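Below is one structure; the comments refer to it alone.
The values are calculated or read from the model by the stated rules, or taken from the named source; none is laboratory data. This one's a predicted model, so the numbers in the text were calculated from it and none came from an experiment. With ideal geometry, Cβ positions are generated from the backbone for all residues, glycine too; neighbour counts draw on all protein chains shown.
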Amino acid sequence: MTQHNSPEADIRVLRAGPLALLQDSGRFGVRHLGVTQGGPADIYSWAWANHLTGNPWGTANLEVTFGGLKLIAVRDLEIAITGADLGATIEHKPVALWQRTRWKAGDTLTFAAPVSGLRAYLAVCGGFAAEPVLGSVACVTREELGGFEGNGAKLATGDELSVNRSGSGQQLANAPTEAPKNVLPDFSQPAVLDLLPGAQIASFTGRSLFDAFNTWWQVDDRADRMGVRLIGPRLNCKINTLISEGISLGSIQVPPDGQPIVLLNDRQTIGGYPRLGTLSPLSASRLAQCLPREPVRLIARGSDAVLKEHRRFRAVFHSESV
Amino acid sequence: MSWKPVLESAGLDAWIVRMFASIDERNVSWLSALARRCEEAFGDALVDLVPSYTTLLVVFDPLNVSPSQARAIICETLAGLEPEETAHEGEVHELPTWYDISVGPELQRVAEGAGMAVSEVVEAHSQRTYKVFALGFAPGFAFMGLVDPRLECARLDTPRKRVPAGSVALAGLQTAAYPTETPGGWNLLGRTSARLFDREREGFSLLRVGDRVRFVPVSREVFEREGGNTTPLEPIT
């Protein structure tokens, strides 16, 4: 499989690994057609990868889940890897994460396996080149939309990837070369997730509400870009099912089996289970970095405080907004 | 409206506007009117609007609008809201459909449940004009209703791993056509040659919330001529 839109390959895929997907900020304005939003499961790390390579907000980079990916550069590239530590090496030497790195032509870049976290983001100065589908290159395999081929295909061994060449010198001059220590997430610490309570929260029993917020939930192995199931005490809700309605990123729905499911980027656009509430966008990102069997905790927050944190995060990239 | 709309938090960037307590074809004209007014009121701060049977999910950009500001905007748009007139009702689509056991294996099951002949099931399903209540599950997948109550039929106990694109299906009092091949647990009655989702087409999805749909029975010959896929269904595995 080759990249048809541009004849020039800048990166070759020597081994695809289990799951590597092209992601811009997501597919918006089409959810009423049943099209999901896609985009990076961890928008925090995704945004920093772009920032460190001078790419404006929204530029497509690569979401590498679990590892196993091996690439070779055809020309010299300025890159940054953020998010999970997947044991990335260039020519067997560890790559420093959350900072800019020169990846020389002919060198191989390999992602091994998770050390901490689950998803790494590889940004290239200029951004990966692909044709948008329904306004976005976000790769959603279930919907067969986006990605390098436009058909939702994940990266495959033998793929050739191209990188946009526009204005890289200027772009890099204004970009930080490494992320300040105080913005680095620590995925080895248990995740504590901010939950904005939703309307059906009052329909859960008192015992279930106590359990919801006083349990170290365990991430199930049924976890993907659609949603993450949490294992713990059974949560009982007086409502079994609702008439299907639109569901937002981070919604925590509780099906009749009482085990909550947190809905992520590739979720179905409508659904009909009662909900405890909705995670903040940054907490949804944090959850997406959890491996099966890791513990997570929910805390109820008000929207004012969460909004302040969200705006502080986005302000870092504000000057790049287009 | 006999029921007062309720706003429910759906996170940092969204509100659910709960307009009705139950499914009704008349809900759509109110929800469409609200969606239109939200588009105007939010302008660039609007990210997405997801109408469904009784609700509208309003997704906004929290960098521009705080949840409480968004709430205030939505409350304003609700004040004095009028349903869209019937003249503005959605398009009527006719979906050519080949009803046949080979592509609609549950025709028999539905007929047995209804105590009807297969031909009567086809007649009952194709006679009504359905309303699109919601899109979801997959791009362009339209939930339509309501079907003749005699045809009401529960989902399959074991969903199929692969339901072919175009499959016309029934679950409960709702009907739908699968835009692409996906897993699915609905009862299959036949197959349409209509292309329901096409990324090259303006607007992408053939059907929108509020549109009206009729399934028009066609022969195998017509179905094939229109580009329909006659490959018989695999048995459930």
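So that you can scan it fast, the table gives a plain yes or no per residue for (1) within 14 Å of chain B (Cβ to nearest Cβ); (2) in contact (Cβ under 8 Å) with a residue 40 or more places away in the chain:
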| site | (1), (2) |
| --- | --- |
| A:Gly26 | yes, yes |
| A:Gly34 | yes, yes |
| A:Thr65 | no, yes |
| A:Asp85 | no, yes |
| A:Leu97 | no, no |
Problem set entry | Test: B:Ser32 is assigned to a helix (DSSP H, G or I) and surrounded by fewer than 24 Cβ atoms within 10 Å (Cβ to Cβ) | yes
Problem set entry | Test result for B:Ala138, under 18 Å from the mean Cα position of the chain (by Cα), modelled with pLDDT under 95 and under 25 Å from B:Val218 (Cβ atoms) | yes
Exercise. Taking A:Trp46, is it in a loop (DSSP other than H, G, I, E, B) and either over 30 Å from B:Phe143 (Cβ atoms) or at pLDDT below 95 (or both)?
Worked result: no
Problem set entry | The one condition in (1) within 23 Å of A:Val316 (Cα to Cα); (2) touching a Pro at 6+ places or on another chain (Cβ under 6 Å) that A:Asp211 fails to fulfil | (1)
For this session: Looking for whichever is free of Cβ contacts under 8 Å to residues at least 24 places away in the same chain and either surrounded by 14 or more Cβ atoms within 10 Å (Cβ to Cβ) or assigned to a loop (DSSP other than H, G, I, E, B) (or both) here; the options are B:Glu221, B:Glu234, B:Glu200. Which one fits?
Result: B:Glu200
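So that you can scan it fast, the table gives a plain yes or no per residue for (1) farther than 15 Å from A:Leu22 by Cα; (2) of a type outside the set (Ser, Thr, Tyr); (3) surrounded by fewer than 22 Cβ atoms within 10 Å (Cβ to Cβ); (4) in contact with a Lys or Arg (Cβ under 7 Å, 6 or more places away or on another chain):
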position: A:Ala129; (1), (2), (3), (4): no, yes, yes, no
position: A:Arg142; (1), (2), (3), (4): no, yes, yes, no
position: A:Gly152; (1), (2), (3), (4): no, yes, yes, no
position: A:Thr157; (1), (2), (3), (4): no, no, yes, yes
position: A:Asn174; (1), (2), (3), (4): yes, yes, yes, no
position: A:Thr177; (1), (2), (3), (4): yes, no, yes, yes
Problem set entry | Matching option when the condition is outside any loop (DSSP other than H, G, I, E, B), away from chain B (no Cβ under 14 Å) and surrounded by fewer than 18 Cβ atoms within 10 Å (Cβ to Cβ), among A:Gln170, A:Gln189 | A:Gln170
Exercise. What residue, among those in region A:260-285 that are more than 27 Å from A:Pro185 (Cα to Cα) and either without any contact (Cβ under 8 Å) to a residue 60 or more places away in the chain or of a type in the set (Val, Ile, Thr) (or both), is farthest from the other protein chains (Cβ to nearest Cβ)?
Worked result: A:Tyr273
Problem set entry | Test: A:Trp48 is in the same structural domain as A:Ala153 (by TED's automatic domain parsing), surrounded by fewer than 24 Cβ atoms within 10 Å (Cβ to Cβ) and under 20 Å from A:Phe313 (Cα atoms) | no
Problem set entry | Hits in region A:248-267 - residues which are under 9 Å from A:Gly227 (Cα atoms), in a loop (DSSP other than H, G, I, E, B), in contact with a Pro (Cβ under 9 Å, 6 or more places away or on another chain) and not polar (S, T, N, Q) | A:Gly250
For this session: Sort out which residues of region A:269-310 are assigned to a loop (DSSP other than H, G, I, E, B) and at pLDDT below 95, and write them in order of number.
Result: A:Gly272, A:Tyr273, A:Pro274
